[in-house]
Amino acid sequence: MDLRSYIRDVPDFPKPGIVFKDITPLLRSHEALDYISHALAEPYKDSGITAVAAIESRGFIFGSGVARVLGAGFVPIRKPGKLPWKTRRGEYTLEYGSGILEIHDDALTADDRVLLIDDLLATGGTAACAAMLARECGATVVAAGFVIELAFLGGREKLDGTPVYALIEY
Ligand code: AMP
């Protein structure tokens, strides 16, 4: 399936110099959504994945579809202050400034084999922070899957050692 035709480039959003990859045309297509759930799940369908951990907010859309295909549970990794229970917190660097992510302390255990999912891998700070939070809960992070990878930003190096795969590369 030609997913690229569903991705809209929006220059200078949310700030000058950034070309935003708008996935809303892709979300509008049930064929594309179904294809992505299966394509992201396929490489890890025999890997004993017990949980899909996904990053707020666009990661949630794809992560829940992948979890259903894999027969795994879903774990939300959220922006600060959103999760109601006891949380672990991680900080990461963005191009300008820093970001914070949180996970419920009891969301994952040492018995869990986790597939991390987000919509897009750019510089890798967000995904590296999410992987660290899952590991801090004791879980094994088996791989990290993305719909889009901006390969020229070298984000996969930040995930040191975690296998990274993406359906579309720019
Ligand atoms: P990074 O931490 O630099 O890898 O950024 C990844 C996160 O920021 C993902 O959750 C993306 O949704 C978002 N993001 C970064 N760059 C873009 C972009 N050019 N277009 C759309 N989303 C982006």
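General observations
- Test: residue in the range 8-28 that is among the small types (Gly, Ala, Ser) and at pLDDT 95 or above: no
- Here Thr162, Thr126 are screened, and the one residue that is open to solvent by 30 Å² or more (accessible area, probe 1.4 Å) and either more than 12 Å from the ligand (Cβ to nearest atom) or farther than 23 Å from His38 by Cβ (or both) is Thr126.
- Filtering Ala110, Ala139, Ala134, Ala130 for residues that are in contact (Cβ under 8 Å) with a residue 60 or more places away in the chain, among the small types (Gly, Ala, Ser) and over 19 Å from Pro80 (Cβ atoms) leaves a single hit, Ala139.
- Test: residue in the range 87-104 that is out of contact with any helix residue (DSSP H, G or I) (no Cβ under 7 Å at 6 or more places or on another chain), among the small types (Gly, Ala, Ser) and buried (at least 20 other Cβ atoms within 10 Å of the Cβ): no
The values are calculated or read from the model by the stated rules, or taken from the named source; none is laboratory data. In this text the structure is predicted, and so the values were computed from the model without any measurement. No Cβ is skipped: glycine too gets one built from the backbone with ideal geometry, and neighbour counts run over all protein chains shown. Heads up: the accessible areas ignore ligands, DNA and RNA and are worked out on the full protein's heavy atoms, side chains in. Shrake-Rupley method; radii C 1.70, N 1.55, O 1.52, S 1.80 Å.
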